[in-house]
1. How many residues are open to solvent by 60 Å² or more (accessible area, probe 1.4 Å) and not basic (Lys, Arg) if we restrict to region 212-228?
2. Among the residues that make up region 96-108, is at least one of them surrounded by 14 or more Cβ atoms within 10 Å (Cβ to Cβ) and within 18 Å of residue 310 (Cα to Cα)?
3. Just the residues that are in contact with a Lys or Arg (Cβ under 8 Å, 6 or more places away or on another chain) and crowded, with 17+ Cβ neighbours inside 10 Å, please, taken from region 153-164.
4. For region 238-280, name all the residues that are over 14 Å from the mean Cα position of the chain (by Cα) and under 18 Å from residue 314 (Cα atoms).
5. Quick one: in region 190-211, which of the residues that are in a loop (DSSP other than H, G, I, E, B) and among the small types (Gly, Ala, Ser) is surrounded by the fewest Cβ atoms within 10 Å (Cβ to Cβ)?
6. Report yes if residue 129 is in contact (Cβ under 8 Å) with a residue 40 or more places away in the chain, among the hydroxyl-bearing types (Ser, Thr, Tyr) and in contact with a helix residue (DSSP H, G or I) (Cβ under 7 Å, 6 or more places away or on another chain), otherwise no.
7. Have a look at 104, 112 and point out the one that is modelled with pLDDT of 95 or more and within 15 Å of residue 290 (Cα to Cα).
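The values are calculated or read from the model by the stated rules, or taken from the named source; none is laboratory data. Given the structure is predicted, the values throughout are model-derived calculations rather than measurements. Note: ideal-geometry Cβ built from the backbone for every residue, glycine included; neighbour counts use all protein chains shown. Only protein heavy atoms, including side chains, enter the accessible area calculation; ligands, DNA and RNA are left aside. Shrake-Rupley method; radii C 1.70, N 1.55, O 1.52, S 1.80 Å.
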Amino acid sequence: MLLVALKPPYSVIGHQGYGNSAQSRKYDDCTLRFRGLRYRLCMTHAATNNRKLLSEATINDFLRDGAVVIRGALNSTEFETLTRGIESNLARPGELAAVASASDDPGRFFEDFCNWQRIAEYEQILKHSALPSIAAKLMQSQTARIYHDHLLVKEAGTRQPTPWHQDQPYYNVDGRQNVSFWIPVDSVPRESTLEFLAGSHHGTWYMPRTFMTQQARWFPEGSLANLPDMTLAENKARVIGWALQPGDMVAFHMLTLHAASGSATQRRVFSARYLGDDIVHAPREWRTSPEFSGLRETLPAGAQMHHDLFPQAWP
C-alpha cells in the first residue's frame, strides 16, 4: 500500500514494507515515481497550481495595465509538449503561414495561425493546461473559449521589429473580455521581449496596419485613431516588459498596444488567445487576420462565439 500526501507539491511519505522512515520526493506535475513505480494522480495542473500562479494583485494589475507577467505558467511536462508542437508546426506549416520580414533580413520572422486542430500538442496546451482557468480569471469571465493560436518565430539575427499595434482591430470580434498569452520556449532577454503601453486597452481603437509596409488594409484610412507618439517621454515612461524564461508567459488584453524589437537570439513564441462571456461575432467587410473561412455565413453578427471553431475550454 502506498501512502501519498495530496498537498502540492506532492510528496511520497511512506510505503509499507520499508519501515516508518519518511522517504519523500517532490514533483511539480501530477506524476509520482517511487521505488521504480509510477502513479498518476487524478488532479490537474490547472486545479492545483492556478491559485499559486494568480494572485489578486496580478489580476488587478492586468485590469489596470492590460498586461502582466506570470512566472512558471507551464510545468515541465507542458513545456516539453508545447516545444514538440512548435517543432511539428515548423516542420509542417499551415495554410496561413507567412514570413513577416524582408528577403534581405539576416534572420527571418515566421508566423502561423490556427493550427491547434491539427497539432495535438497545441490542443493539449489550449484545453488541458492551466491556461483556460487563468484566462477566465483575468477576463473576469465565467467561461473561456479558445479563439486561436499564433506561432511567432524570430530566428537569431532577425532585424525585423514588431511595430506598435493592438490585436483586436485585426480580428472579427467585439467585446471587452479577452486575453492573449505570449509564451516563449526560449529565454527572452528584456531587450527582445514584448513591450506594452500600460493602460492603452481602456477604450481607444487604433488603426491596424501591415507590419512591413504600414498599409491600412483593414479599417478604412482615417476611420480609427492614429497611434500615439511613442517617442514622447510620457509614453516611454508607461512602457512595461519583462525578461522571460521558458515556462513563463505574458498575458495581455487584445487592445493593449504592444511591440517588440528584432532578436539577436532564436525566439520561438506560442500565443494562445481566449474569449470571455461578452465577446460577440463582428464580421468585417475585409479579410481579417486571421480569417475564419465560412464563419460569416454560419454565425450572425452580434452572436456569441458559440461555434465549433471556438470550443469552451473553461469550465
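1. Total satisfying the criteria: 10.
2. yes
3. 153, 154, 155, 158, 160
4. Of everything in region 238-280, those that are over 14 Å from the mean Cα position of the chain (by Cα) and under 18 Å from residue 314 (Cα atoms) turn out to be 276, 277, 278, 279, 280.
5. Among residues in region 190-211 that are in a loop (DSSP other than H, G, I, E, B) and among the small types (Gly, Ala, Ser), the one surrounded by the fewest Cβ atoms within 10 Å (Cβ to Cβ) is 203.
6. Taking the combined requirement at face value, the residue satisfies it.
7. Of the residues listed, the single one that is modelled with pLDDT of 95 or more and within 15 Å of residue 290 (Cα to Cα) is 112.
A quick yes/no check of all residues on (1) open to solvent by 40 Å² or more (accessible area, probe 1.4 Å); (2) over 27 Å from residue 99 (Cβ atoms):
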site: 230; (1), (2): no, no
site: 234; (1), (2): yes, yes
site: 237; (1), (2): yes, yes
site: 250; (1), (2): no, no
site: 263; (1), (2): no, no
site: 281; (1), (2): no, yes
site: 292; (1), (2): no, no
site: 297; (1), (2): yes, yes
site: 304; (1), (2): yes, yes
